[in-house]
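Notes follow once the structure below has been shown.
The values are calculated or read from the model by the stated rules, or taken from the named source; none is laboratory data. Owing to the predicted nature of the structure, the values given are computational and were not obtained by experimental measurement. So basically every Cβ, Gly included, is an ideal-geometry build from the backbone, and we count neighbours across all protein chains shown. With ligands, DNA and RNA removed, areas are computed over all heavy atoms of the protein, side chains included. Shrake-Rupley method; radii C 1.70, N 1.55, O 1.52, S 1.80 Å.
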Amino acid sequence: MRFTIYQESRIGRRKTNQDRIAYCYSRDALLMLIADGMGGHLHGEVAAHLSVQFITQAFQREAQPALLDPALFLSRTLSRAHSAILDYAFDKNLPEAPRTTIVACVVQENCATWAHAGDSRLYLLRQGRVAAQTRDHSRVQLMMDQGLLDAEGAARHPGRNRIYSCLGGSHLPQIEFSRRTPLQDGDLIALCTDGLWGPLGNEGVVLGLLGGNVMSAVPKMMSRAETIAGDGCDNLSMIAMAWHEDAGQPTPAAVSTQTMALDDFNTRMDTFQRGRGSASGAPNIDLSDDEIERTIAEINSTIQKFNRN
């Protein structure tokens, strides 16, 4: 495989960052994940972090160097991540399980397969146009589908952040799966939370990625979204990957997995942040080291329990 990939997450004007993003690749498979946590102090972060870590670790166990069935992998691991969040909430005696959106995409054998729950999005761009896009699991999207709202009205609707499918919470997630989608040289796959696509809109996301240089395009888009959102800026995150044909010309910053060992992995995952400010200058309340370490230990304990089952 050969691709260029970049990810970034910012706190916006919130006190903490409940988004989690990660990518992991073996010699023959690539996993990209994005999650937007929802809930009170720490709980949204826990749901997002637990989901991303759980799915990434499952990928590392099974993609050696490729998954047997990417669609089955996504179906099984997203469902088990949902159950792990419920188990965490039970052990902590939480009145309600925390929740998180999720978008997970596997690229293998020159094809992409993805799954999602919630209103975080995946875009597949080809030659500057949207070739595929996830459909938001939100109340306003349902109203738009019924002809009760247009895009402008949806952007201002007071219930625009209300979603009906997620991991965690009190209901089973309605996880939506894509078809196995062949990729072409120069295709872009972008995963993002509503903190990014909300201020920019579809047109802004597409225009921001024109040219295919994800290393420079993503930071510029993040800054633009922060400026447009202003004081109401939510956490915002994006992973963008440009696909390259193996036989094509060398591309600066491109990753080539050709020489990787069969059991080797390269992983990048954002974790709990200790007092990092944002480009917008928003205040950030530190979590104590003890609180962070205790929470991470509890997440690891939950994941280990599920891996033993």
The stretch 2-308 - accessible surface per residue (Å², probe 1.4 Å): 45
Hull-based mean projected area of the stretch 158-268, where the convex hull spans the alpha carbons, in square nanometres: 10.4
Proximal aspartates and glutamates relative to Lys305, as straight alpha-carbon distance under 16 Å, when same-chain residues fewer than 8 apart are discounted: Asp87, Asp91
Trypsin sites (Lys or Arg not before Pro) within the stretch 6-66, DSSP loop, no more than 16 other Cβ atoms inside 10 Å: Lys15
Accessible carbon and sulfur surface of the chain relative to its total accessible area, %, 1.4 Å: 48
The chain - mean residue ellipticity at 222 nm from DSSP helices (-39,500 (n - 2.57) per run, n ≥ 4, rounded to 500): -11500 deg cm²/dmol
Cα coordinate range in the stretch 2-308, projected on the principal axes (Å, largest first): 54, 49, 39
Long-range HN-HN contacts of Tyr164 with modeled amide H, under 5 Å: Ser138, Arg139
Lysines with Cα under 25 Å of Lys220, excluding same-chain neighbours fewer than 8 positions away: Lys15
Dipole-positive endmost among Gly195, Tyr25, Gly212 within the stretch 2-308 (Cβ charges, Cα centre): Gly195
Square roots of 5 times each gyration tensor eigenvalue, C-alpha, the stretch 1-84, largest first, Å: 25, 17, 8
Within-11-Å neighbourhood charge of His43 [Cβ basis; K, R +1; D, E -1]: 0
For the stretch 2-308: relative contact order, % (alpha-carbon pairs under 8 angstrom, 6 or more apart): 30
